[in-house]
Amino acid sequence: MAQAPKQFQVIYRNADRMIVGMSPKGGGVGSQNKLAVIHDMAEYDKLMQFDPAYLANDGATIVGTPPT
């Protein structure tokens, strides 16, 4: 039986750190965006709850409001 993933990737917009996608396939994420690898699967649950969702300044936490 396959194990659950231990990490996931999000694509976030540089300007405000809003998460705009997940798990890019086939290359880059564009010049306006960056990729972050999240190692805590509990953060995935937060990602599914917030609309929109943002990546905190620590690069590892999903939050529901834009970080300052």
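Summary table
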item: Over the chain: Rg over Rh, Cα atoms, Kirkwood Rh; result: 0.97
item: Region 63-68 - phi-based ³J(HN,Hα) in whole Hz, Karplus 6.51/-1.76/1.60, Gly and Pro as x; result: 10, x, 10, x, x, 9
item: Extension gain (nm, one decimal) between GLN32 and PHE50, 0.36 nm per residue minus Cα-Cα; result: 4.3 nm
item: Euclidean distance between Cα centres, region 9-28 to region 32-63, Å; result: 10 Å
item: Leading residue at positive end of dipole, the chain (Cβ point charges), from GLY30, ALA56, ASN14; result: GLY30
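Any read-out appearing in this document is the output of simple, stated calculations on the displayed coordinates, not a laboratory observation. Note that the coordinates shown come from a computational prediction; the quantities given were computed from them, not determined experimentally. Positions of Cβ are generated from backbone atoms using ideal geometry, with glycine treated the same way; all protein chains shown enter the neighbour counts.
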